[in-house]
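Attaching a single structure in structure tokens format; questions to follow.
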Amino acid sequence: MSVSTDLFIVYTSNIFAILGLRQLFFVIEHVQERFRYVKYGVAVILAFTGVKMLLGMFSYHIAVEASIIFIVTVLAASVILSVIISKRKEGNGA
């Protein structure tokens, strides 16, 4: 069951979504050098998610609030670290 049965709405919404994602890809492509440590932050977040899922199999649950705080902290730390290191490299002429 879909949200709309009108083909015009379905096709145009998909086209606009694809166009928006394409533009977002180009933005990310241009700033990826500045945020080079974010991929390591995302890897830590994915590892945390995997561990959380494994712990859930053994009836041990991590609170949602604790998970969100961990994810936001890791992501913010990786962005801040990336900005600080890229500014240092620009300052040193590297």
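Using a 1.4 angstrom probe and counting only protein chains, how large is the accessible area of K89 in Å², to 10?
80
Ok, one more. Pop out the carbon and sulfur fraction of the accessible area of region 1-74 as a percent, whole number, probe 1.4 Å.
Carbon plus sulfur share of accessible area: 74 percent.
Shifting gears a bit: Under the rule of -39500 (n - 2.57) per DSSP H run of 4 or more residues, summed and divided by the residues of the chain, what mean residue ellipticity at 222 nm is obtained, to the nearest 500 deg cm²/dmol?
-28000 deg cm²/dmol
Select from V38, V27, L81 the residue farthest towards the positive end of the dipole of the chain; place +1 on Cβ of Lys and Arg, -1 on Cβ of Asp and Glu, and compute about the Cα centre.
Result: L81, furthest along the dipole toward the positive end.
Now for a different question. Can you tell me how region 28-94 classifies by the Cα gyration tensor, rounded, prolate or oblate, using a/c under 1.5 as the rounded cut?
Prolate shape, in that a/c is at least 1.5 and a/b is the bigger ratio.
A further question on this structure: Whole number in Å², please: accessible area per residue of the chain, 1.4 Å probe, ligands, DNA and RNA not counted.
On a per-residue basis, the chain sits at 84 Å².
Explain nothing, just the number: dipole magnitude of the chain about its Cα centre with +1 on each Lys and Arg Cβ and -1 on each Asp and Glu Cβ, in debye rounded to the nearest 20.
400
Are there chymotrypsin sites (Phe, Trp or Tyr not before Pro) in the chain that DSSP marks as loop and that have at most 10 other Cβ atoms within 10 Å, and which are they?
Qualifying residues, ordered by number: F58, Y60.
Could you tell me the relative contact order of the chain? Use alpha-carbon pairs under 8 Å, at least six residues apart, and round to a whole percent.
38
Let me ask something additional. Any chance you could look up the accessible area of V27 with a 1.4 Å probe, heavy atoms only, rounded to 10 Å²?
90
Also: Quick check: with the 1.4 Å probe, what order do S67, S13 take by accessible area, largest first?
Ranking S67, S13 by accessible area, largest first, yields S13, S67.
The values are calculated or read from the model by the stated rules, or taken from the named source; none is laboratory data. Because the structure is predicted, anything quoted here is derived from the model rather than measured. For neighbour counting, all protein chains shown are included, and Cβ atoms are generated from backbone atoms with ideal geometry for every residue, glycine included. In case anyone asks, the SASA skips ligands and DNA or RNA and just uses the protein heavy atoms, side chains included. Shrake-Rupley method; radii C 1.70, N 1.55, O 1.52, S 1.80 Å.
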